[in-house]
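**Q** Below is a structure I'd like to ask you about.
What follows is calculated from the coordinates using simple rules that are stated; it is not laboratory data. What you see is a predicted model, and the numbers here were worked out from it, not measured in a lab. We place every Cβ from the backbone using ideal geometry, glycine too, and count neighbours over all the protein chains shown.
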């Protein structure tokens with residue numbers, strides 16, 4: 001059973017939270033507790049947990065900004081949005097109709113990763129400025145690691161997942177020659193296999209080289225697998241993001 005909680009409306013679009021979004025927050029906190037001490041050691045353990053919680057809240061806000069970027073560009077192309085649902089590892093922008101042109105489809109899909117990349121760049125810039133002004137190393141480290149997470153999310157977005165933006169962008173140009181149901185089935189399978197391989201690679205990296213890097217790589221794989229399941233729950237439609 002799918003459980004979504006309506007948390008409000010923004011730009012006249014309902015915004016809902018799926019219970020699995022808590023997993024995203026927990027994952028960001030764990031990454032923070034493991035990663036931040038590697039570049040800012042010497043603080044009490046509770047300080048790293050607090051930093052992790054703050055990072056998780058900021059990441060949730062950036063997830064919403066990502067989806068609202070889709071909404072804004074869709075509105076520019078006269079495509080109405082039914083709802084936005086934040087999910088584990090991302091969200092779904094449920095469009096009321098398929099964009100009329102391949103160009104519109106591509107630009108709507110690209111808007112989210114562009115927003116996430118912009119936020120990540122801003123965070124990295126703020127981290128640099130904070131370091132120059134001598135702010136606490138834990139603050140600088142938290143901002144820098146959050147920027148890294150955003151960069152990895154952009155890469156994950158651009159992978160050819162079912163409801164991932166990369167998949168939408170990939171199918172934008174030749175979409176008029178694709179059967180939507182068949183294309184979705186194929187990409188779901190590819191997404192799950194790719195996700196499993198990435199998780200496996202993350203485990204190998206974690207045990208043989210770098211625990212933090214392995215954890216982050218494995219998280220990307222989990223996001224891909226989650227994306228394929230999310231697409232199935234979203235009526236098998238490739239217009240969900």
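**Q** Need the full-extension length gain, residue 201 to residue 49, defined as separation in residues times 0.36 nm minus the C-alpha distance. One decimal, nm. Intermediate values should be presented prior to the final figure.
**A** Details: separation 152, 0.36 × 152 = 54.72 nm, distance 2.72 nm.
Contour length minus Cα-Cα distance gives 52.0 nm.
**Q** Find the centroid of the Cα atoms in the range 208-224 and in the range 117-156, then give the distance between the two in whole Å.
**A** Rounded to whole Å, the Cα centres lie 19 Å apart.
**Q** Taking neighbour Cβ counts within 10 Å as the exposure measure, how do 46, 13, 34 sort from fewest upward? If you can, show how the numbers build up before the last one.
**A** On the way: 46 8, 13 19, 34 16.
Ascending number of Cβ neighbours within 10 Å: 46, 34, 13.
**Q** Fewest first, what order do 169, 55 take by the number of other Cβ atoms within 10 Å?
**A** Ascending number of Cβ neighbours within 10 Å: 169, 55.
**Q** With the crude spin-label approximation of a point 7 Å out along Cα→Cβ, what separation in nm comes out for residue 57 versus residue 210?
**A** In this crude spin-label approximation the distance works out to 2.9 nm.
**Q** Would you mind computing, in nm to one decimal, how far apart the modelled labels at residue 189 and residue 80 are, each placed 7 Å from Cα along Cα→Cβ?
**A** 3.7
**Q** Something else about it: According to a simple spin-label model (label point 7 Å from Cα along Cα-to-Cβ), what is the distance in nm between residue 34 and residue 101?
**A** In this crude label model, residue 101 to residue 34 measures out at 4.6 nm.
**Q** Follow-up. Rounded if a/c is under 1.5, else prolate if a/b is larger than b/c, else oblate: which is the range 76-125, with a ≥ b ≥ c the root eigenvalues of its Cα gyration tensor?
**A** Values: a/c = 2.97, a/b = 1.53, b/c = 1.94.
Since a/c reaches 1.5 but b/c is at least a/b, the shape of the range 76-125 is classed as oblate.
**Q** Right, here's the next one. To two decimal places, what compactness ratio does the range 4-233 give when its Cα radius of gyration is scaled by 2.2 N^0.38 Å? Walk me through the intermediate numbers first.
**A** Working: Rg = 18.2 Å, N = 230, 2.2 N^0.38 = 17.4 Å.
Output field value: 1.05.
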